[in-house]
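Undergrad: Following this message is one structure expressed as structure tokens.
The values are calculated or read from the model by the stated rules, or taken from the named source; none is laboratory data. Predicted model only: the values in this text are computed from it and were never measured. Note that we place each Cβ from the backbone using ideal geometry, even for glycine, and neighbour counts take in every protein chain shown.
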Amino acid sequence: MRTEEHRKAFEEYKKNIFETAITRGIEHSQRTIGFSASRGIIELLSIYLHSINKLDAGAQLNHRWFKTENVVDRLPDFPKKTEIIAKMVLLENLSESLSYGSQKSNDEIVKVIELFQNLEKIISEMMK
């Protein structure tokens, strides 16, 4: 996938998170938030890895890889890899719980949103 397509997908997922949270309330949007947070960060990491030529143009990351720390072996080296991977594994598992589990507390939903924002900040700063 081209970088522009990853960017468009990231922006769409991000919009899903924040527009849904505002219009419907987070307590009514946990599945949308969980699904979009997990996949959105994958898109942003893909943009970064493409930008530093660590990911081939045709290669794609799969959000399911991020269920365990073993994903570290599937990815090329890049700055802050350990920190980012640890947070992405946590995000993927929390997001899956929101997407497929029973109703969660607002605190759990907010934790996913905050983790998404934290990862977005770290990865975006690395792209500067």
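Undergrad: Looking at the stretch 77-103 only, could you name the residues that are in contact (Cβ under 8 Å) with a residue 60 or more places away in the chain and crowded, with 19+ Cβ neighbours inside 10 Å?
TA: Listed by number, the residues that qualify are 94, 95, 98.
Undergrad: Could you tell me whether residue 95 is in a helix (DSSP H, G or I), under 12 Å from the mean Cα position of the chain (by Cα), under 24 Å from residue 20 (Cβ atoms) and of a type in the set (Ser, Thr, Tyr)?
TA: Answer is yes for this residue.
Undergrad: When the stretch 57-80 is examined, which residues are found to be in contact with a helix residue (DSSP H, G or I) (Cβ under 7 Å, 6 or more places away or on another chain) and of a type in the set (D, E, K, R)?
TA: Those that are in contact with a helix residue (DSSP H, G or I) (Cβ under 7 Å, 6 or more places away or on another chain) and of a type in the set (D, E, K, R): 67, 69, 74, 80.
Undergrad: If residue 14 meets every condition in (1) out of contact with any Ser or Thr (no Cβ under 7 Å at 6 or more places or on another chain); (2) at pLDDT 95 or above; (3) under 21 Å from residue 74 (Cα atoms) apart from one, which number is that one?
TA: Of the numbered conditions (1) out of contact with any Ser or Thr (no Cβ under 7 Å at 6 or more places or on another chain); (2) at pLDDT 95 or above; (3) under 21 Å from residue 74 (Cα atoms), the odd one out for residue 14 is (3).
Undergrad: To continue, here is another question. Give me a count of the residues in the stretch 1-30 that are surrounded by 18 or more Cβ atoms within 10 Å (Cβ to Cβ) and either assigned to a helix (DSSP H, G or I) or of a type in the set (Phe, Trp, Tyr) (or both).
TA: 11
Undergrad: A follow-up question, please. Looking at 33, 42, can you tell me which residue is closer than 14 Å to residue 119 by Cα, surrounded by 12 or more Cβ atoms within 10 Å (Cβ to Cβ) and among the hydrophobic types (A, V, I, L, M, F, W, C)?
TA: 42
Undergrad: Right, here's the next one. Are any residues in the stretch 27-60 at pLDDT 95 or above, of a type in the set (A, V, I, L, M) and more than 15 Å from residue 109 (Cβ to Cβ), and if so, which ones?
TA: The answer is 41, 42, 44, 45, 47, 49, 52.
Undergrad: Taking residue 70, is it free of Cβ contacts under 8 Å to residues at least 40 places away in the same chain and either over 19 Å from residue 118 (Cα atoms) or of a type in the set (Ser, Thr, Tyr) (or both)?
TA: Taking the combined requirement at face value, the residue satisfies it.
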